[in-house]
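Every read-out reported here was derived from the displayed coordinates using simple, explicitly stated rules and does not represent laboratory data. Only a predicted model underlies this, so the values are computations on that prediction, with no experimental measurement involved. Positions of Cβ are backbone-derived with ideal geometry, glycine not excepted, and every protein chain shown enters the neighbour counts.
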Amino acid sequence: MWAFILRNILQRLLLLVFVSILAHSVAHLAPGQPSEVDPSNPRMKPEDIARIRAAFHLDEPLHLQYVYWMRDLATGELKSFKDSQPVLPKIWQRFLNSLPLFICETLIIWSLSFPIGIYAAVRRGSAYDRTSTFVAYTLISIPGFFLSYLVILWVVSTFNVPVIGMKTFGMEDAQPVFRWMDRLWHLVIPSLMSAVAGIAILSRYVRSQMLEVIGQDYVRTARAKGLPEDAVIYHHALRNALLPFVTMFGFLLPGLIGGSVIFEQIFAWPGLGRLGYEAILNRDFPVILTLNFIAAVLTLAGTFVSDILYAVVDPRIRLQ
Amino acid sequence: MADSRHAAALAELLPDLPTPETPLQELWRIFYKDRLAVIGLVVLIFLLIAALAGKVLTEWTVTFDPATVRLPDKFKPPLSSASVDLIPPADRPLFGTYLLGTDELGRDVFARMLQGSFVSLSIGFIAVGISVLIGIVLGGLAGFYGTVKLGFMTVDTLIMRFTDVMLCFPTFFLILTVVALLPPSIYNIMIVIGLTSWEGTARFVRAEFLTLREQDFVVAAQALGLPERRIIFRHMVPNAIAPVLMSATIGVASAILTESALSFLGFGVQPPYATWGNILADGKDFIFDAPWLFFIPGVAILVVVLAFNLVGEGLREAFNPKLRRR
């Protein structure tokens with residue numbers, strides 16, 4: 001067990017090195033220099049550009065730039081190309097903004113998908129099953145921003161409330177209670193919208209997993225010995241159907257960065273996804289690379305935890 | 001060939017015996033039971049016709065011109081007629097009517113949607129084609145030659161670790177990075193979407209190859225001394241293609257969605273090409289003045305992506321051996 005964990009961690013660290021090298025080369029080999037972002041600015045003289053290039057080691061060979069990046073990342077001295085602010089505090093602040101959105105989204109997805117999917121599986125072929133299948137596929141197929149715009153229009157015209165941003169401008173002096181309510185209200189629509197596709201996908205997965213388990217011999221045995229239907233479904237079937245979902249936790253964490261670009265852009269939410277988008281627009285390589293690196297760390301950590309969890313909850317799995 | 005002769009002889013001997021179904025007939029029978037999937041297939045056939053018509057009618061023989069700018073006729077609602085006194089005859093739309101209205105430059109939305117159907121569909125197909133090709137080659141190599149040693153690691157380890165590395169990137173963020181850094185071009189978008197979405201296919205194909213390699217017919221083919229090329233392409237790939245086909249159908253749907261998301265962020269296909277994604281992304285600015293610019297491409301994307309997803313689901317059911325022969 002411990003040997004397995006140790007070897008697994010080592011393997012993942014090695015993967016991480018390769019990921020960072022690949023990310024670094026993709027960003028730096030692509031055309032478009034960070035020092036050329038603002039070529040029309042009359043104050044940018046050639047010597048300024050040269051100074052900027054030297055300050056950020058842009059004239060060194062690629063492998064040295066990689067070493068500098070890793071060194072600065074490890075010592076926390078990595079600076080953004082755009083405003084020379086340290087990268088890590090910048091990311092940390094945006095992370096704190098993204099976190100409530102991410103937590104709400106995840107809670108909504110996981111608390112709604114299971115009832116919807118289980119009910120559809122238990123009543124396979126019923127009107128409810130067919131309707132929920134169709135609705136799920138429709139929600140998967142809608143472009144996220146199309147649906148969000150429709151919902152924003154509807155919410156604003158029906159309830160006459162603001163939905164954009166993290167808080168209403170000018171609420172800073174209000175009572176703490178009102179400030180919190182304002183913050184909460186601003187969370188509702190963005191987290192619902194970013195959860196829509198997730199609910200649709202996860203509930204389909206729950207349904208197929210439940211169907212798989214309901215067809216097993218031990219469920220038939222449970223029915224044959226006269227257990228009430230609820231005990232069969234929730235005690236015998238559901239517990240086994242839940243197993244594969246442990247692995248899905250692993251793919252949850254990286255969604256914190258990659259999955260949220262569109263929705264943070266629509267709702268003007270100053271989170272990680274938008275930070276990445278702005279960094280890409282500015283050719284701000286340290287921020288892009290560090291975000292990519294953090295996403296890779298989150299993915300690897302997530303799959304590691306789910307591997308271990310899987311072995312913990314399923315006694316048939318042996319780690320070796 | 002021998003099979004059909006055999007079946008014919010059997011039918012002659014035992015006229016009451018129902019002729020056995022070919023695998024394709026069986027597939028179609030199960031697929032046909034899923035009404036939603038059949039509707040999806042009909043939609044897709046229509047879309048294919050529309051896309052081909054779009055290529056022919058907007059580029060080869062210009063019946064509908066998506067690029068003509070008619071400033072007097074901007075923001076005309078659907079089914080309105082062109083202002084005859086202001087537009088020169090050469091610039092008028094067919095029958096003088098804008099079927100789906102005009103946009104902020106007076107361009108005919110119907111013509112742009114027709115052109116866009118071909119572009120959107122080719123983005124989906126080419127991107128998925130690239131990802132399926134990479135997936136089959138890498139997955140097949142890992143599955144068939146997995147045990148071959150390359151220095152200190154096996155081929156399987158090498159390919160699968162590379163797949164793991166690729167899985168560590170947040171896909172949409174990676175696509176956005178590359179598309180934003182490269183010069184804007186429709187081919188870059190196709191290639192980047194293709195290069196970042198092959199991991200699932202590679203894993204499927206590897207798993208299928210690992211089980212197929214142990215099957216009797218493959219062992220028999222090896223014992224007969226068939227060349228490896230023939231074993232792989234004639235005996236193994238056709239048997240491993242089912243899950244690939246299913247995931248490719250859904251892949252086309254998600255490629256179309258990815259393109260529209262890129263368009264929304266301003267990194268989509270650039271003018272003069274019209275895609276449904278960039279018509280929708282441009283239309284969102286005029287949602288109050290000209291709602292048709294927003295709703296027509298939005299609903300079109302929804303219907304087409306839905307059709308791809310439903311057909312993919314129908315194929316999954318049809319290929320699922322547990323649902324057969326019931």
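If I take every Cα pair under 8 Å that is 6 or more residues apart in chain B, average their sequence separation and divide by the length, what percent do I get for the relative contact order? Result for chain B is 22 percent.
Can you list the DSSP H helices in chain B whose Cα atoms extend at least 24 Å along the helix axis and whose mean Kyte-Doolittle hydropathy is 1.6 or higher? Helices passing the filter in chain B: B:35-55, B:109-144, B:292-319. 3J(HN,Hα) couplings calculated from phi for the range A:203-214 with the Karplus curve 6.51 cos²θ - 1.76 cosθ + 1.60 (θ = phi - 60°) are, in sequence order, 5, 5, 5, 4, 4, 5, 5, 5, 4, 4, 6, 4 Hz; Gly and Pro show x. Here the extension length gained between A:TRP154 and A:ASP230 equals 23.4 nm, from 0.36 nm per residue of separation less the Cα-Cα distance. Mean sequence separation of contacting Cα pairs (under 8 Å, at least six apart), scaled by the length of the range A:60-194, corresponds to a relative contact order of 21 percent. In chain B, the calculated helix contribution to ellipticity at 222 nm averages -20500 deg cm²/dmol per residue, counting -39,500 (n - 2.57) for every DSSP H run with n ≥ 4. Sorted ascending by nearby beta carbons within 10 Å, beginning with the fewest, B:GLU208, A:GLU77, A:GLU60, A:GLU172 become A:GLU172, A:GLU77, A:GLU60, B:GLU208.
Working from Cα pairs under 8 Å separated by at least six residues, relative contact order for the range A:259-320 is 16 percent.
Quick one: in the range A:77-180, what % of C-alpha pairs are over 20 Å apart? Value for the range A:77-180 (Cα pairs over 20 Å): 67 percent.
Panel order for A:LYS79, B:LYS33, by other beta carbons found within 10 Å of each beta carbon, from fewest to most: B:LYS33, A:LYS79.
Residue-normalised convex hull volume from the C-alpha trace of chain B: 196 Å³ per residue. Between the beta carbons of B:ASN320 and A:LEU64, assuming R0 = 60 Å, the FRET efficiency works out to 0.65 to the nearest 0.05.
Per residue of A:129-141, other chain Cβ atoms within 10 Å of the residue Cβ number 4 on average.
The mean number of partner chain beta-carbon atoms within 10 angstrom of a residue's beta-carbon across peptide A:144-151 is 5. Relative protection proxy for B:80-91, B:233-244, from highest mean packing down: B:233-244, B:80-91 (other beta-carbon atoms within 10 angstrom). Among the residues of B:159-169, the average count of other protein chain beta-carbon atoms within 10 Å of the residue beta-carbon is 6.
The phi torsions of the range A:229-241, fed into the Karplus equation with coefficients 6.51, -1.76 and 1.60 and a -60° offset, translate into couplings of 4, 4, 5, 4, 5, 7, 8, 8, 7, 4, 4, 7, 5 Hz, rounded to whole numbers, with Gly and Pro shown as x. Applying the Kirkwood pairwise sum to the alpha-carbon positions of the range B:45-186 produces a hydrodynamic radius of 19.0 angstrom.
When a/c reaches 1.5 or more, the comparison of a/b and b/c decides; with that in mind, is the range A:111-254 rounded, prolate or oblate per its Cα gyration tensor? Verdict is prolate for the range A:111-254. Overall, the anisotropy analysis places the protein assembly as shown in the rounded class: the square-rooted eigenvalues a ≥ b ≥ c of its C-alpha gyration tensor yield a/c less than 1.5.
Tell me whether the range B:59-105 comes out rounded, prolate or oblate; compute the Cα gyration tensor, take square roots of the eigenvalues as a ≥ b ≥ c, and use a/c under 1.5 as the rounded threshold. Since a/c stays below 1.5, the shape of the range B:59-105 is classed as rounded. Quick check on my link table: of A:LYS167/B:LYS74; A:LYS90/B:LYS284; A:LYS167/B:LYS284; B:LYS55/B:LYS76; A:LYS45/A:LYS79; A:LYS225/B:LYS33, which ones sit more than 29 Å apart, alpha carbon to alpha carbon? Result: A:LYS167/B:LYS74; A:LYS90/B:LYS284; A:LYS225/B:LYS33 exceed 29 Å.
Computed log10 I(q)/I(0) for chain A at 0.14 Å⁻¹: -1.21, from the Debye equation with unit scatterers placed on every C-alpha and solvent omitted. Extending 7 Å from the Cα toward the beta-carbon at both A:ILE164 and B:ASP91 defines two label points whose distance is 3.3 nm. Once the Cβ-Cβ distance of A:LEU29 and B:ALA67 is raised to the sixth power relative to R0 = 35 Å, the FRET efficiency obtained is 0.50. Evaluated over the Cα positions of the range B:110-261, the convex hull gives a direction-averaged projected area, one quarter of its surface, of 11.0 nm².
Label-to-label distance, A:ALA74 versus B:LYS149, with points set 7 angstrom from Cα along the beta-carbon direction: 3.3 nm.
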